[in-house]
Amino acid sequence: MQDRSSFINPFPRPRCLAAAAPAGKAKLTHPGKAILAGGIAGGIEICITFPTEYVKTQLQLDEKANPPKYRGVVDCVKQTVKGHGVKGLYRGLSSLLYGSIPKSAVRFGVFEILSNRAKDESGRLDSTRGLLCGLGAGVMEAVLVVCPMETVKVKFIHDQTSGNPKYRGFFHGVREIVRSQGLRGTYQGLTATVLKQGSNQAIRFFVMTSLRNWYKGDDPNKAINPLVTGLFGAIAGAASVFGNTPLDVIKTRMQGLEAHKYKSTLDCAVKILRHEGLAAFYKGTVPRLGRVCLDVAIVFIIYEEVVKALNMVWKTD
């Protein structure tokens, strides 16, 4: 007879991560491996894709009331390279790099902790639980890492548009922000960031879980080619872009140097709609789409491959 407790706890704890998975049962990923693999994947990915993040942020900060400084993605790249050289496209990389490693580590670590408890007896994670686990991972990474990291990054990039940039580097910038605004100065737009990251990871892990389950069918241990993983990741990334770009725009405005104009996340959304129209909520969609699809594809490929490598040298079964 089945234990009645399984009906009470929707996320029953697996008996032991170290237990060998029987035939036909998917193996669980040890949280420690997930944290390490996630951090490595996040660091490599951001070094590849940062220029698209830079352009996206510049376009989102470029308000119509100014009037706009850039006519589009290409014009933004041209003006940046002309004024600051190619390295200008990497302004703010240090702040994002320092944050991307722990961000990815927290994301995958929390997801594996939650999903290990949410999987059924065969080790399969259904799409709905994948969405909930992704939501939990996204909220946790937003609070612990993403909000302060993104605030510093946006201020760095926005600072470059001024005639006399005041931030000389990552640590100098953080010191100046904390000195002038206190620790809360690195937590501007927390609500918008939690909403953005939570929805981001909920959408991505929901899509990835759905596609993986479809691909594996009745064999939970079926291997997935890295190129297929990358394709699934790109699809998941695209879904998250179209699903939450408005939240990303609001978050960026709330973290910029002119964040004082907004009383709250809701006030920011109302003012953008009133003064710039509905289309303003999708500013930077094109560069963000390219960056996120590449980002998510790279991260999932590297993550899966690093986990495979760790399984060979770090025995937890």
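The values are calculated or read from the model by the stated rules, or taken from the named source; none is laboratory data. Quantities reported herein were computed from a predicted structural model and do not represent experimental measurements. Using ideal geometry, Cβ is built from the backbone for each residue, glycine included, and neighbour counts are taken over all protein chains shown. All accessible areas refer to the heavy atoms of the entire protein, side chains included, with ligands and DNA or RNA removed. Shrake-Rupley method; radii C 1.70, N 1.55, O 1.52, S 1.80 Å.
Tabulated data for the structure shown
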item	result
Candidates Lys251, Lys196 - the one that is open to solvent by less than 50 Å² (accessible area, probe 1.4 Å), of a type in the set (D, E, K, R) and touching a residue at least 60 places away in the same chain (Cβ under 8 Å)	Lys251
Filter pass, Leu131 being more than 13 Å from the chain's Cα centre (by Cα) and surrounded by fewer than 24 Cβ atoms within 10 Å (Cβ to Cβ)	yes
Residue pairs meeting the criteria (Cβ under 6 Å; at least 6 apart or on separate chains; first assigned to a helix (DSSP H, G or I), in the stretch 216-231; second surrounded by 14 or more Cβ atoms within 10 Å (Cβ to Cβ))	Pro226/Ile301; Thr229/Phe300; Thr229/Ile301; Thr229/Glu304; Gly230/Ala297; Gly230/Ile301
Matching residues in the stretch 122-158 - criterion: being in a helix (DSSP H, G or I), acidic (Asp, Glu) and under 25 Å from Leu211 (Cα atoms)	Glu141
Given (1) in contact with a Pro (Cβ under 9 Å, 6 or more places away or on another chain); (2) open to solvent by 50 Å² or more (accessible area, probe 1.4 Å), number of the condition Arg168 does not satisfy	(1)
Residue ID - least open to solvent (accessible area, probe 1.4 Å), chosen from residues in the stretch 303-317 that are closer than 24 Å to Phe50 by Cβ and over 15 Å from the mean Cα position of the chain (by Cα)	Val306
Matching residues in the stretch 215-248 - criterion: being more than 24 Å from the chain's Cα centre (by Cα) and of a type outside the set (Lys, Arg)	Tyr215, Gly217, Asp218, Asp219, Pro220, Asn221, Ala223
Some residue of the stretch 175-188 being touching a residue at least 60 places away in the same chain (Cβ under 8 Å) and either open to solvent by less than 40 Å² (accessible area, probe 1.4 Å) or under 30 Å from Val306 (Cβ atoms) (or both)	no
Qualifying residue in the stretch 3-19 (condition: at pLDDT below 85, surrounded by fewer than 18 Cβ atoms within 10 Å (Cβ to Cβ), assigned to a helix (DSSP H, G or I) and of a type in the set (S, T, N, Q))	yes
Residue list for the stretch 88-121, filter: assigned to a loop (DSSP other than H, G, I, E, B), within 22 Å of Thr193 (Cβ to Cβ) and open to solvent by 30 Å² or more (accessible area, probe 1.4 Å)	Arg91
Count - residues of the stretch 62-87 that are part of a helix (DSSP H, G or I), open to solvent by 20 Å² or more (accessible area, probe 1.4 Å) and in contact (Cβ under 8 Å) with a residue 12 or more places away in the chain	3
Single unsatisfied condition, His275 versus (1) within 22 Å of the chain's Cα centre (by Cα); (2) open to solvent by 30 Å² or more (accessible area, probe 1.4 Å); (3) not small (Gly, Ala, Ser)	(1)
Among (1) farther than 26 Å from Ile40 by Cα; (2) open to solvent by 30 Å² or more (accessible area, probe 1.4 Å); (3) touching a helix residue (DSSP H, G or I) at 6+ places or on another chain (Cβ under 6 Å); (4) free of Cβ contacts under 8 Å to residues at least 40 places away in the same chain - the single one Met140 does not satisfy	(1)
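Conditions tested, residue by residue: (1) in contact with a Pro (Cβ under 6 Å, 6 or more places away or on another chain); (2) open to solvent by less than 60 Å² (accessible area, probe 1.4 Å); (3) within 13 Å of Gly189 (Cβ to Cβ).
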{"position": "Gln201", "(1), (2), (3)": "no, yes, no"}
{"position": "Thr209", "(1), (2), (3)": "no, yes, no"}
{"position": "Gly217", "(1), (2), (3)": "no, yes, no"}
{"position": "Lys222", "(1), (2), (3)": "no, no, no"}
{"position": "Gly237", "(1), (2), (3)": "no, yes, no"}
{"position": "His260", "(1), (2), (3)": "no, no, yes"}
{"position": "Thr265", "(1), (2), (3)": "no, yes, yes"}
{"position": "Ala279", "(1), (2), (3)": "no, no, no"}
{"position": "Lys283", "(1), (2), (3)": "no, yes, no"}
